[in-house]
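J.: Below you will find the structure I want to go over with you.
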Amino acid sequence: MSLKVGVVGGGQLARMMIAPAVELGAHIRVLAEAEGMSASLAASAVGDYRDAETVLAFARDVDVITFDHEHVPQDVLAALVDAGVSVHPGPHALGVAQDKLVMRARMEELGMPQPDWAAVTGRDELQAFLDDHGGRAVVKTPRGGYDGKGVRVVSAATEADDWFTTLAEDGNGGALLVEELVDFSRELAQQVARRPSGQMAVYPVVETVQRGGVCAEVIAPAPRAGERLAEVAASIGTAVAEGLGVTGMLAVELFETTDERLLINELAMRPHNSGHWSQDGAVTSQFEQHLRAVLDLPLGDTSPRAPWSMMVNILGGPAEASLESRFASVMDEHPAAKVHTYGKAPRPGRKVGHINVSGSDLDDVAYQARAAASHFED
Ligand code: ADP
């Protein structure tokens with residue numbers, strides 16, 4: 001049996017699918033946006049994922065198409081499906097992850113717990129929401145946001161004027177998403193893999209720590225997560241995966257509120273930063289699992305290999321400092337740390353790699369992971 005997977009998008013998520021694909025004996029091909037991207041070692045084409053002809057030509061040689069990101073336009077996805085290409089996740093599911101307003105509406109239909117929200121088209125509607133929610137709220141652009149870009153806490157309706165102006169200029173009569181400002185004690189993430197046949201595999205719920213809107217660290221499983229919390233998180237993850245018909249990996253980002261409720265923040269339908277720990281800390285990594293899911297192969301065991309795992313992102317420092325120049329010191333001092341790099345030029349604040357450490361003592365695991373990552377900081 002030949003297994004040929006085509007990944008649209010040449011970023012680090014595609015890159016990290018390469019090693020498990022090789023291990024499985026699957027052929028992996030990547031449609032990269034440009035030469036020299038993270039996944040360029042498997043890139044068989046460079047082209048624009050917004051162009052249906054380009055993506056159709058790329059898809060001709062593979063059994064299944066999957067994604068490094070959620071930005072492939074619906075008309076391109078529809079063209080693939082019309083041409084008989086197997087696309088996972090499919091256009092309907094992916095559409096929910098592409099637009100935060102669509103996501104909120106679908107989560108409401110599915111009865112999922114989430115912050116109060118509204119679609120607002122102008123200052124008056126935003127002011128009305130603020131008046132109803134204690135004078136502060138979070139405004140989000142529905143599309144294209146990442147790492148906290150496109151998210152703004154506002155206490156006056158005028159603070160979103162520039163975004164309303166941009167929406168008006170786009171001429172699509174669009175709206176912004178406004179949400180209550182959630183009083184959360186921490187952020188969690190629940191990952192679930194789902195096959196086209198419906199089989200699901202649930203990962204342990206993890207704690208994610210953001211700094212400046214960017215994921216900095218992940219602890220797996222989430223500390224102080226009792227059985228009830230883990231069960232509620234898992235049931236949210238499986239209900240979303242089933243309700244939306246997700247195929248492949250799904251990550252549900254959650255707020256744990258100070259009164260111990262879980263509310264959905266957002267969804268990602270692909271391997272996710274919150275699951276990088278699984279490369280070294282789980283029996284089946286999220287990247288292998290994603291491939292198994294999109295190829296409709298039986299899913300792997302999601303159990304942790306150690307009581308605790310921690311992932312610390314490496315953010316780029318000065319452009320002249322190569323990551324490789326730090327390998328000798330970090331590997332010498334932290335032999336338990338697993339270094340993963342993305343083949344990206346280090347620019348300040350850019351995610352260029354991560355460290356994973358697993359073990360039985362959380363304090364020691366956290367110390368080792370942070371200390372190893374700090375070698376790359378300056
Ligand atoms: P992005 O798509 O850029 O990742 P998110 O919607 O995940 O944006 O928001 C980024 C961060 O902003 C979240 O991780 C959280 O810390 C904060 N945030 C988002 N929505 C809310 C909210 N409704 N209440 C409080 N904080 C929020």
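J.: Which of the residues that make up segment 40-61 are assigned to a loop (DSSP other than H, G, I, E, B) and more than 20 Å from PRO271 (Cα to Cα)?
T.: GLY47, ASP48, ARG50, ASP51, ARG60, ASP61
J.: Right, something else. Looking only at residues that are hydrophobic (A, V, I, L, M, F, W, C) and at pLDDT 95 or above in segment 220-230, which one is nearest to the ligand (Cβ to nearest atom)?
T.: ALA222
J.: Filter segment 259-275 down to the residues that are away from the ligand (no atom under 14 Å from the Cβ) and over 21 Å from ARG15 (Cβ atoms), then identify the one that is modelled with the lowest pLDDT.
T.: Per the criteria, the residue is GLU260.
J.: Suppose we filter ALA78, ALA21 for residues that are touching a residue at least 40 places away in the same chain (Cβ under 8 Å) and either touching a helix residue (DSSP H, G or I) at 6+ places or on another chain (Cβ under 7 Å) or surrounded by fewer than 22 Cβ atoms within 10 Å (Cβ to Cβ) (or both); which single one remains?
T.: One residue alone meets the criteria, ALA21.
J.: Consider ASP75 against the criteria (1) at pLDDT below 95; (2) not in a loop (DSSP other than H, G, I, E, B): it satisfies all of them except one. Which criterion is unmet?
T.: Tallying (1) at pLDDT below 95; (2) not in a loop (DSSP other than H, G, I, E, B), ASP75 fails exactly one: (1).
J.: Quick one: which of PRO113, PRO142, PRO89 is part of a loop (DSSP other than H, G, I, E, B), open to solvent by 30 Å² or more (accessible area, probe 1.4 Å) and not aromatic (Phe, Trp, Tyr)? Even if it seems obvious, please write down each step before you answer.
T.: Details: PRO142 fails: open to solvent by 30 Å² or more (accessible area, probe 1.4 Å); PRO89 fails: open to solvent by 30 Å² or more (accessible area, probe 1.4 Å).
So the residue among PRO113, PRO142, PRO89 that is part of a loop (DSSP other than H, G, I, E, B), open to solvent by 30 Å² or more (accessible area, probe 1.4 Å) and not aromatic (Phe, Trp, Tyr) is PRO113.
J.: Another question, if that's okay. Specify which of the listed residues (GLU217, GLU179, GLU207, GLU159) is surrounded by 13 or more Cβ atoms within 10 Å (Cβ to Cβ), within 10 Å of the ligand (Cβ to nearest atom), at pLDDT 95 or above and not hydrophobic (A, V, I, L, M, F, W, C).
T.: On the way: GLU217 fails: within 10 Å of the ligand (Cβ to nearest atom); GLU207 fails: within 10 Å of the ligand (Cβ to nearest atom); GLU159 fails: within 10 Å of the ligand (Cβ to nearest atom).
Among GLU217, GLU179, GLU207, GLU159, only GLU179 is surrounded by 13 or more Cβ atoms within 10 Å (Cβ to Cβ), within 10 Å of the ligand (Cβ to nearest atom), at pLDDT 95 or above and not hydrophobic (A, V, I, L, M, F, W, C).
J.: Which of the residues belonging to segment 102-117 are of a type in the set (A, V, I, L, M, F, W, C) and more than 12 Å from the ligand (Cβ to nearest atom)?
T.: Those that are of a type in the set (A, V, I, L, M, F, W, C) and more than 12 Å from the ligand (Cβ to nearest atom): VAL102, ALA105, MET107, LEU110, MET112.
J.: Next question. Go through segment 241-258 and report how many residues are more than 15 Å from the chain's Cα centre (by Cα), more than 14 Å from the ligand (Cβ to nearest atom) and either without any contact (Cβ under 8 Å) to a residue 24 or more places away in the chain or outside any loop (DSSP other than H, G, I, E, B) (or both).
T.: 3
J.: Here is a follow-up. Within 13 Å of HIS69 (Cα to Cα), in a helix (DSSP H, G or I) and within 19 Å of the chain's Cα centre (by Cα) - does that describe any residue in segment 2-13?
T.: Within segment 2-13, one or more residues are within 13 Å of HIS69 (Cα to Cα), in a helix (DSSP H, G or I) and within 19 Å of the chain's Cα centre (by Cα).
J.: Only one of these conditions is not met by GLY343: (1) at pLDDT 95 or above; (2) closer than 28 Å to LYS4 by Cβ. Which number is it?
T.: Every condition holds for GLY343 apart from (1).
J.: Then there is this: Filter segment 62-103 down to the residues that are touching a strand residue (DSSP E or B) at 6+ places or on another chain (Cβ under 9 Å) and among the small types (Gly, Ala, Ser) and list them by number.
T.: Answer for segment 62-103, where residues must be touching a strand residue (DSSP E or B) at 6+ places or on another chain (Cβ under 9 Å) and among the small types (Gly, Ala, Ser): SER86, ALA93, ALA97.
J.: Given the condition in contact with an Asp or Glu (Cβ under 7 Å, 6 or more places away or on another chain), modelled with pLDDT of 95 or more, surrounded by fewer than 19 Cβ atoms within 10 Å (Cβ to Cβ) and under 22 Å from ALA118 (Cβ atoms), answer yes or no: does some residue in segment 192-202 qualify?
T.: no
J.: Identify the residue in segment 145-156 that is more than 16 Å from ASP99 (Cα to Cα) and open to solvent by 30 Å² or more (accessible area, probe 1.4 Å) and, among all such residues, is nearest to the ligand (Cβ to nearest atom).
T.: Applying the first criterion (more than 16 Å from ASP99 (Cα to Cα)) to segment 145-156 yields 152-156.
Restricting the remaining residues to those that are open to solvent by 30 Å² or more (accessible area, probe 1.4 Å) gives 152-153, 155-156.
Working: ARG152: 9, VAL153: 7, SER155: 13, ALA156: 17 Å.
Checking each candidate, the answer is VAL153.
The values are calculated or read from the model by the stated rules, or taken from the named source; none is laboratory data. Not measured: the values here are computed from a predicted model. All Cβ positions, glycine included, derive from the backbone under ideal geometry; neighbour counts span all protein chains shown. Side chains included, ligands, DNA and RNA excluded: accessible areas come from the protein's heavy atoms. Shrake-Rupley method; radii C 1.70, N 1.55, O 1.52, S 1.80 Å.
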